[in-house]
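*Asks:* Right, I'll just put the structure down here and ask away after.
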Amino acid sequence: DTEVTQTPKHLVMGMTNKKSLKCEQHMGHRAMYWYKQKAKKPPELMFVYSYEKLSINESVPSRFSPECPNSSLLNLHLHALQPEDSALYLCASSQGALPPDTQYFGPGTRLTVL
Amino acid sequence: AQSVTQLGSHVSVSEGALVLLRCNYSSSVPPYLFWYVQYPNQGLQLLLKYTSAATLVKGINGFEAEFKKSETSFHLTKPSAHMSDAAEYFCAVTPRGGFKTIFGAGTRLFVKA
């Protein structure tokens with residue numbers, strides 16, 4: 001099983017809402033990632049978790065709050081977002097956090113902030 | 001700082017023709033190099049990667065890429081395009097000793113019947 005699942009597929013939220021994105025993998029991978037992808041742009045790294053600890057935060061605004069409850073799950077909590085945060089949010093996982101381990105991507109959550 | 005450049009935001013080929021997507025990196029030390037494909041409304045899928053073994057890397061779906069240190073390039077090729085190859089292709093690099101993967105701007109491949 002080389003699948004990374006993400007829920008929901010689509011999310012529409014207002015600027016005052018609180019919502020969460022969920023990512024799950026059952027490949028035994030110990031590194032998990034959040035990327036943000038704007039339309040017609042490449043993915044941009046947001047966070048990296050390695051062995052359930054946050055190892056990289058790419059200066060992401062605090063309105064995005066990641067959480068890794070266990071080695072299979074990764075959440076991204078959203079609060080007080082701005083319309084410019086609308087994007088495709090991709091989750092990925094890899095065996096370890098050391099390159100060149102292959103990153104396996106989920107299908108993404110399409111987020112629209114009104 | 002490490003960067004990666006993909007020449008051509010759009011490439012159009014006829015079905016059965018050669019596919020050539022260009023990628024150049026900027027680094028005195030060759031990084032790890034990757035090619036990913038993204039179909040509409042989907043995540044990214046790894047096509048192939050260069051770590052430091054053979055300079056000609058074979059990937060999935062008939063794609064291959066050649067690492068050329070003298071040209072700091074890692075171009076992606078496929079001898080014969082299929083309609084199903086139409087997608088966005090990203091070249092990406094991870095510096096040796098680093099953790100962050102940096103993606104190129106992407107190249108949209110169109111395949112004409």
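The values are calculated or read from the model by the stated rules, or taken from the named source; none is laboratory data. All values reported here derive from a predicted model rather than from experimental measurement. So basically every Cβ, Gly included, is an ideal-geometry build from the backbone, and we count neighbours across all protein chains shown.
*Asks:* If you go through the stretch A:75-91, how many residues are part of a strand (DSSP E or B) and either modelled with pLDDT under 95 or more than 14 Å from every other protein chain (Cβ to nearest Cβ) (or both)?
*Replies:* Selection size over the stretch A:75-91: 5.
*Asks:* Which numbered condition in (1) within 13 Å of another protein chain (Cβ to nearest Cβ); (2) without any contact (Cβ under 8 Å) to a residue 24 or more places away in the chain; (3) surrounded by fewer than 18 Cβ atoms within 10 Å (Cβ to Cβ) is the only one that B:His10 fails?
*Replies:* The failed condition is (2).
*Asks:* Can I ask one more? Suppose we filter the stretch A:1-53 for residues that are in a strand (DSSP E or B) and touching a strand residue (DSSP E or B) at 6+ places or on another chain (Cβ under 7 Å); how many remain?
*Replies:* Of the residues in the stretch A:1-53, 30 are in a strand (DSSP E or B) and touching a strand residue (DSSP E or B) at 6+ places or on another chain (Cβ under 7 Å).
*Asks:* Check the stretch B:92-105 and report whether any residue there is surrounded by fewer than 19 Cβ atoms within 10 Å (Cβ to Cβ) and part of a strand (DSSP E or B). Before the answer, list the steps.
*Replies:* Step one: filter the stretch B:92-105 for residues surrounded by fewer than 19 Cβ atoms within 10 Å (Cβ to Cβ), giving B:95-100, B:105.
Subset that is part of a strand (DSSP E or B): none.
There is no residue in the stretch B:92-105 that is surrounded by fewer than 19 Cβ atoms within 10 Å (Cβ to Cβ) and part of a strand (DSSP E or B).
*Asks:* Please tell me if B:Val111 is more than 22 Å from A:Gln103 (Cα to Cα), surrounded by 13 or more Cβ atoms within 10 Å (Cβ to Cβ) and touching a Leu at 6+ places or on another chain (Cβ under 7 Å).
*Replies:* no
*Asks:* Applying the selection to the stretch B:44-64, what residues are part of a strand (DSSP E or B) and within 14 Å of chain A (Cβ to nearest Cβ)?
*Replies:* B:Leu44, B:Gln45, B:Leu46, B:Leu47, B:Leu48, B:Lys49, B:Tyr50, B:Val57 - these are the residues of the stretch B:44-64 that are part of a strand (DSSP E or B) and within 14 Å of chain A (Cβ to nearest Cβ).
*Asks:* Just to be sure before I move on: is A:Pro8 touching a Ser or Thr at 6+ places or on another chain (Cβ under 7 Å), more than 9 Å from chain B (Cβ to nearest Cβ) and loosely packed, with under 14 Cβ neighbours inside 10 Å in the structure I sent?
*Replies:* When the stated conditions are applied, A:Pro8 passes them.
*Asks:* Among the numbered conditions (1) surrounded by fewer than 18 Cβ atoms within 10 Å (Cβ to Cβ); (2) within 14 Å of chain A (Cβ to nearest Cβ); (3) of a type outside the set (D, E, K, R); (4) assigned to a strand (DSSP E or B), tell me where B:Asn41 comes up short.
*Replies:* Every condition holds for B:Asn41 apart from (4).
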